[in-house]
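Shown next, in structure tokens, is the structure this report addresses.
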Amino acid sequence: MTIDSKTLSELKEALLAEKAKLEENLGRIAKSVDSKIGDYEPVFDEIGNDREDNTTEVEAYTDNLPVEMALEKKLQSVILALSKMEQGTYGICENCQQEIAIERLKANPSAQTCITCKK
Ligand SMILES: [Zn+2]
């Protein structure tokens, strides 16, 4: 790995901050099934619980589903990137096993593939 330790710790901080934010957002529309792997399921049973805005909630749920899935997917890639950091395999493209450009990692610390494979 050619990423220097300063850059690596900056990327780790960015990942941890992103993880916290994603967990916060997911916590509003889903419940955690397994926080280690970022597994969430949408909250169904909240609908209709003594809320004045039931209709709004059903609509919100329907709107939330794709959002929930996108957030969950993002969270899982953040968790994966953090575990790769611990294993020392961070920054390696999953597809071609080449190092991912540092500029790409800085822009998107949870990137799992290099820019060539992304295309
Ligand atoms: Zn690649």
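The values are calculated or read from the model by the stated rules, or taken from the named source; none is laboratory data. For clarity, every value in this text was computed on a predicted model and none was experimentally measured. All Cβ positions, even for glycine, are placed from backbone atoms using ideal geometry, and neighbour counts span all protein chains on display. All accessible areas refer to the heavy atoms of the entire protein, side chains included, with ligands and DNA or RNA removed. Shrake-Rupley method; radii C 1.70, N 1.55, O 1.52, S 1.80 Å.
Numbers below:
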quantity	calculated
Criterion: at pLDDT 95 or above and more than 16 Å from the ligand (Cβ to nearest atom) - qualifying residue of 80, 16, 65	16
Qualifying residue in segment 97-118 (condition: more than 10 Å from the ligand (Cβ to nearest atom), touching a residue at least 24 places away in the same chain (Cβ under 8 Å) and either within 18 Å of residue 23 (Cβ to Cβ) or in contact with a Cys (Cβ under 6 Å, 6 or more places away or on another chain) (or both))	yes
Residues being open to solvent by less than 90 Å² (accessible area, probe 1.4 Å) and outside any helix (DSSP H, G or I) - total across segment 101-119	8
When residues of segment 72-100 are limited to those that are part of a helix (DSSP H, G or I), open to solvent by less than 30 Å² (accessible area, probe 1.4 Å) and out of contact with any Phe, Trp or Tyr (no Cβ under 8 Å at 6 or more places or on another chain), the one farthest from residue 33 (Cα to Cα)	85
